[in-house]
Amino acid sequence: MKEQTIKIGRVEIPVKEQEFADCNILSVKAGTSGWTVRGSKWDCRTLFSVKNEGCTVMRANVDTDMMGYTDKVDIYFEGETELVTFICGLKFALDTLLEQAKATIPDFDLERAYKDRTGEFLPPVEEILPIDEDIK
């Protein structure tokens, strides 16, 4: 795993990057500045990035508005190993973002935040999809 600090606008954020290899190699990068001391919703920066490092069949569509802001991003993967490396990458990104968010918001509660925004309870990730330790 690689760790670095990058700057998005005027805000520095810690970023972690991990490669996931099977028949394809997918690199995932994630990080957030979390809650900032200024308290403005515009001061937080969060990054999620996926990169084909080898043999990953991946496509993306980006829809933008008239001002050039992104409205929607679709990422498509083809293949079973791409599914597995993408799931592992999402889990890595989630764990990274939760760890960094909790560092700036000590009482952050993902389950409560999920319920507040969807009206539903968040099932434990292990119940949704057990992830084999060998593929992490």
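The values are calculated or read from the model by the stated rules, or taken from the named source; none is laboratory data. Quantities reported herein were computed from a predicted structural model and do not represent experimental measurements. So basically every Cβ, Gly included, is an ideal-geometry build from the backbone, and we count neighbours across all protein chains shown.
Reported count of residues in region 92-134, each being of a type in the set (D, E), closer than 24 Å to S27 by Cβ and either surrounded by 11 or more Cβ atoms within 10 Å (Cβ to Cβ) or at pLDDT 85 or above (or both), is 2. Can you pull out the strands (runs of 3 or more DSSP E) entirely within region 1-110 that have at least 1 residues that are aromatic (F, W, Y) and in contact with a His (Cβ under 7 Å, 6 or more places away or on another chain)? Those strands (runs of 3 or more DSSP E) do not exist here; none qualify.
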